[in-house]
Structures are given as structure tokens and as C-alpha cells.
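Data first, discussion second: the structure below is written as C-alpha cells.
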Amino acid sequence: MTEPLDVFAVMAHPDDAEIFCGGALVKSADAGERTGVLDLTAGEAASRGTVESRAREAAAAAEVLGLAERRCAGLSDASLVNDHGSRTVVAGAIRAFRPRVIVTHWTRGRHPDHRTAAALARDAAFLAGLRNFPAEGPPHRPEKMVYALAFTEDAVKPTFAIDITAQMDRKIAALEAYGSQFRGRSGIGEVFPGGDRPVIDQIRAAHAAWGSLIRRAYAEPYWTDETAMVETLGGLAVSTF
């Protein structure tokens, strides 16, 4: 049995974890936390690249991110469904890696697989804790579900943002591992083009905008259902004025 993960990104396609929460994954790894990614599909329906090339790219990106674990669930790209079979597969992965925190897509993403992945990750996380649910492995239920808001135009105000200033270059390096997806493009998936600006520059600009909201150079935004807790008013960060 592997050592439990602290943070487990459950995302629809190879490169989604890098796009939406790559900075946070690097920062957690820097802090000594064990991190992992579950790619729900192999990205076989994408217009660029092949299953084999994307698997190689995902492995290279995992090295940059400092992941302890990465697995492909083998579900169907472009037709991801939140059904019993899919929940059983994802619950099995959750039981195998026993994460404390799961991060996934925002619930109303542009790509239908992203929307489905958000519901699938949450449902599977709950079911993984049921003793008699027929997934492989002993029961385990994560403590926290977190939704990544970056690049979603209909997102709510973040519950919190993570300063990724020191991790931004490594996030970009992980994205650049996906040459088949990013090279020569100005937009991809939820990342809409900024004129002719290369998509990597567009991603950096978006994170700079989020960073300004917490008075930092770069940040990633996240949301939780539950209210965030702080210990005391005296410890609150981010200047009002």
C-alpha cells in the first residue's frame, strides 16, 4: 500500500492539472506534501497529439511538478459520464492513494468533460468512504473538496487564492512539456485567446491578474462549498487599502 497523498488532482485530461492547479501542486511538493494526479481520460479525442505522445508528455510534466503519483483512469474522452461504473473506477483510485484533499474542475466549465469531472470527483470521493461500495480497496473518504477556478469565465468569487509567484516558472515548464497541445497556439480549452498572444503568455497574464487580487505577482484561485476558517482577525492577510 502506498503512502497517502496530501493533495490529489482529479482532472479530465492530461494537461488539465497543469493548467488549473499546477502552481499549487508544485508549492505543495515544495512544502513536503505528497501530491498526485488522476487523469480521468487519456485525451484520445483531442485534435492534436496521440495517446502515446500525451502519455509521454504527462510523465515529463509530472517530473516538473514533483508528483509522487500519476495515473490515468482510462475513462472515455469527450464522452465522460458520471455513472456507476465511472464512480467505481475513480473511487478505487481514491482508495488506493487515500488523499486528504481533492482538487478538481469548476462545476461549470466550458468543456463538457470538465463539468462532468467535477461532479464525478465529488461523488466518487463520497462513495469511496462507504464500506460496502464495490470499488477496489478499503474505504477512504477525503477531508476536503476544492474547485479550481482559473480561466472559467462564469466562476464565483474565490474562497481563497494561492500565491504561486515562486512556482510560476515551473508551472509554465510543466505546461511546455505538452508540446503537442501548446506549441503554436493562442488558446486552449478554457484558456481563451488574448489576440495573437501565445497561450503560455496568456496563462501567465491570467495568473498575474489573480495575483493582483492578493497583492502578489501570480496566484491561482480556488473555491470551496464550505466557508473558510481563519484563527484570528489579527492574522488576516491581503491589504484592504
| said: Let me check I have the definition right: for region 30-70, take the eigenvalues of the Cα gyration tensor, multiply each by 5, take square roots. What are those semi-axes in whole Å, largest first? | reply: 23, 10, 6
| note | Of the residues G74, T41, V103, the Cα lying farthest along the dipole of region 13-108 towards its positive end, which is defined by charges on the beta carbon of Lys, Arg, Asp and Glu, belongs to V103
| query | Cα convex hull of the chain: how many Å³ per residue? | reply | 126 Å³
| request: May I ask for the distance between the Cα centers of region 147-198 and region 50-101, given as a whole number of Å? | output: 19 Å
| Span per principal axis, largest first, for the Cα atoms of region 146-234 (Å) | 48, 27, 21
| task | Using the heavy atoms of the protein chains and a 1.4 angstrom probe, tell me the accessible area per residue for region 1-130 in square angstrom. | result | 38 Å²
| message | Once neighbouring chains are kept in place and the probe is 1.4 Å, which whole percent of the accessible area of the chain is contributed by carbon and sulfur? | response | 53 percent
| said: For region 11-113, take N as its residue count and report Rg(C-alpha) divided by 2.2 N^0.38 Å. | reply: 1.04
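The values are calculated or read from the model by the stated rules, or taken from the named source; none is laboratory data. The shown structure was predicted, so the numbers you read here are calculated from the model rather than taken from an experiment. No Cβ is skipped: glycine too gets one built from the backbone with ideal geometry, and neighbour counts run over all protein chains shown. To get the accessible areas, we keep the full protein, side chains included, count just its heavy atoms, and leave off ligands, DNA and RNA. Shrake-Rupley method; radii C 1.70, N 1.55, O 1.52, S 1.80 Å.
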